[in-house]
1. Work out from phi, with θ = phi - 60° and the Karplus expression 6.51 cos²θ - 1.76 cosθ + 1.60, the ³J(HN,Hα) of each residue of the stretch 106-122, listed in order in whole Hz, and give x for Gly and Pro.
2. Just from its helices, what would the mean residue ellipticity at 222 nm be for the chain, if runs of 4 or more DSSP H residues each count -39500 (n - 2.57) and the sum is divided by every residue, rounded to the nearest 500 deg cm²/dmol?
3. Give me the percent of DSSP beta bridges within the chain that run antiparallel, rounded to the nearest 5.
4. Taking +1 at the Cβ of each Lys and Arg and -1 at the Cβ of each Asp and Glu, which of 64, 18, 106 sits farthest along the dipole of the chain towards its positive end, judged by Cα position relative to the Cα centre?
5. Could you give me the ³J(HN,Hα) list for the stretch 10-23, computed from phi with Karplus coefficients 6.51, -1.76, 1.60 and θ = phi - 60°, whole Hz, x at Gly and Pro?
6. Between (1) 2, 10, 17, 17, 12, 11, 11, 10, 7, 4, 1; (2) 2, 10, 16, 17, 15, 11, 9, 9, 7, 4, 1, 0; (3) 2, 10, 18, 22, 19, 14, 9, 4, 1, 0, which matches P(r) over Cα pairs in 5 Å bins from 0, in percent calculated for the structure shown?
Amino acid sequence: MDAPVTGFSHLQLRVRDVPACVDWYCAVLGMEVMSEHGDVVALRSRAARMVIVVSPGDPDVDRSPIDHVAFAVPDGPTLEAWAAELRTRGLDVPSIVDESGTPSLQLRDPDGNAVELVAPAPRNG
């Protein structure tokens, strides 16, 4: 079974000042607010088909200013199948979680970097 990654989903950054960073990315890169969940803000550039998520953190204290990098997969069932495949290959794979309405598999690479595989939210109806 080949990896079901269809592309880049988003990059999540830890920042000291979420509102200032939102303003900066909107002004400098022309991004727009896509969604807000508490103090976590997702920004998108429709033209570049790019999403950057900013969340509170201290890059000096945290291991890295990058919280995680996420890759897209086609759908939830494909994500479930890939997680099962990785388990058969002997990898320690956690359960899929609901991340703001979207199925997400949250992994760590050998160096401890957070890598997420995320499927689109299921469609109702």
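1. Result, ordered by residue: 9, 10, 10, 7, x, 8, x, 6, 7, 10, 10, 10, 10, 9, x, 4, x Hz.
2. Values: 2 runs with 25 residues, N = 125.
That calculation yields -6500 deg cm²/dmol at 222 nm.
3. On the way: 24 of 33 bridges.
Looking only at bridges with both residues in the chain, the antiparallel portion is about 75 percent.
4. My answer, from the dipole projection, is 106.
5. Here the 3J(HN,Hα) series is 6, 10, 10, 10, 8, 10, 6, 10, 4, x, 5, 5, 4, 4 Hz.
6. (3)
Every number in this text was worked out from the coordinates using simple rules, so none of it is lab data. Every value quoted in this text rests on a predicted model; they were computed, and no experiment measured them. Note that each Cβ is placed from the backbone with ideal geometry, even for glycine, and that neighbours are counted across all protein chains shown.
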